[in-house]
1. With the contact rule set at Cα under 8 Å and sequence spacing of 6 or more, what percent relative contact order holds for the range 1-95?
2. Sequence neighbours fewer than 8 away in the same chain don't count; with that in mind, list the lysines whose C-alpha is under 18 Å from residue 105.
3. Show me 188-198, 114-124 ranked by packing, highest mean number of other Cβ atoms within 10 Å first.
4. To one decimal place, what orientation-averaged projected area in nm² is obtained for the convex hull of the Cα set of the range 61-203?
5. Return the distance in nm (one decimal) between the two label points of a simple spin-label model at residue 42 and residue 140, each offset 7 Å from Cα along Cα→Cβ.
6. Where a ≥ b ≥ c are the square roots of the eigenvalues of the C-alpha gyration tensor, would you call the range 129-171 rounded, which needs a/c under 1.5, or, failing that, prolate if a/b is larger than b/c, or oblate?
7. Measure up 46/197; 106/197; 58/106 against 30 Å on the Cα-Cα distance and list the ones that go over.
8. Give a quick list of trypsin sites (Lys or Arg not before Pro) in the range 1-53 that DSSP marks as loop, anything other than H, G, I, E or B, with at most 15 other Cβ atoms within 10 Å.
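Here, each number is a calculation from the coordinates, and none is a lab measurement. The model shown is predicted, which means the values in this text are computed figures rather than measured ones. Neighbour counts run over all protein chains shown; Cβ positions are idealised from the backbone, glycine included.
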Amino acid sequence: MDIYGGYRPTLENILDQVLNRFKEVNQLYQDQTGDRLYEHLIGRVKTEDSMTEKCQRKNLPLSPYSALKKNRDSIGIRVVCNFIDDIYTWIDLIDSWTSTKIITKKDYITNAKPNGYRSYHLILEETFPYQDIEGNNPGKYYIEVQLRTIAMDTWASLEHEMKYKHQIKNPEMMGNELKRVADELASCDVSMQTIRKLIREED
Ligand code: 0O2
């Protein structure tokens, strides 16, 4: 069964447009200030298997409506920044986009998850000139945006890898170790931020 009900090309198209917008904003910021607002940017339409698994996990019917409306991360973007401040600059910028509505904000940077996961998550709602699953045209689509520093991203990638690909023999010890590393990396992020501030004050 096609969990996206034929909408995948539309989702890919929207993803491209949103990625281009982030690239343009970054370029404009760089032209104006000399600094980049992200180190790298990635995006994906969630795979059919992953969306199917998520619907099953949440006890949702396996339907395009569940995939596109009940779940709001069919389109996902990850903005990996050099410094913590850049994440909050992005949030202010996105907040100012008149065509985009931020419908949820989850600040796992100020409030890290108990396992040490840090990131800032937004769900955006935006109208595009394509019919949506409810028959509206222009249609409403959701985009999940994850904003992180390089250090947060490194941790999340390794933690994800270990959690899903390895049979952990001592999960409690590994969990404690991962949490310790997450806290050390968070402390490095704060130090790097302070160094940048000091360098900027010298200019
Ligand atoms: P994938 O394959 O990365 O897309 P929701 O999505 O709202 O139904 P939840 O848990 O409320 O579920 O959303 P939340 O907290 O915003 O987190 C969703 C995404 O954040 C996950 O997507 C992961 O990408 C990432 N994430 C959250 N917690 C962790 C964590 O502890 N470790 C790592 N490595 N990533 C995390 P998916 O759909 O799980 O997977």
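1. Working: 92 pairs, mean separation 34.5, N = 95.
Averaging sequence separation for qualifying contacts and normalising by length gives 36 percent for the range 1-95.
2. In chain and number order, the partners are 69, 70, 113.
3. On the way: 188-198: 13.1, 114-124: 18.5.
Top of the packing list down: 114-124, 188-198.
4. So the Cα hull casts an average projection of 11.4 nm².
5. 3.1
6. Working: a/c = 6.46, a/b = 2.43, b/c = 2.65.
It comes out oblate by the Cα gyration axes.
7. Working: 46/197 37 Å; 106/197 26 Å; 58/106 19 Å.
From the list (46/197; 106/197; 58/106), the Cα-Cα distance tops 30 Å for 46/197.
8. On the way: sites: 21, 23, 36, 44, 46; in loops: 36, 46.
Those that pass, being in a loop and sparsely packed, are 36.
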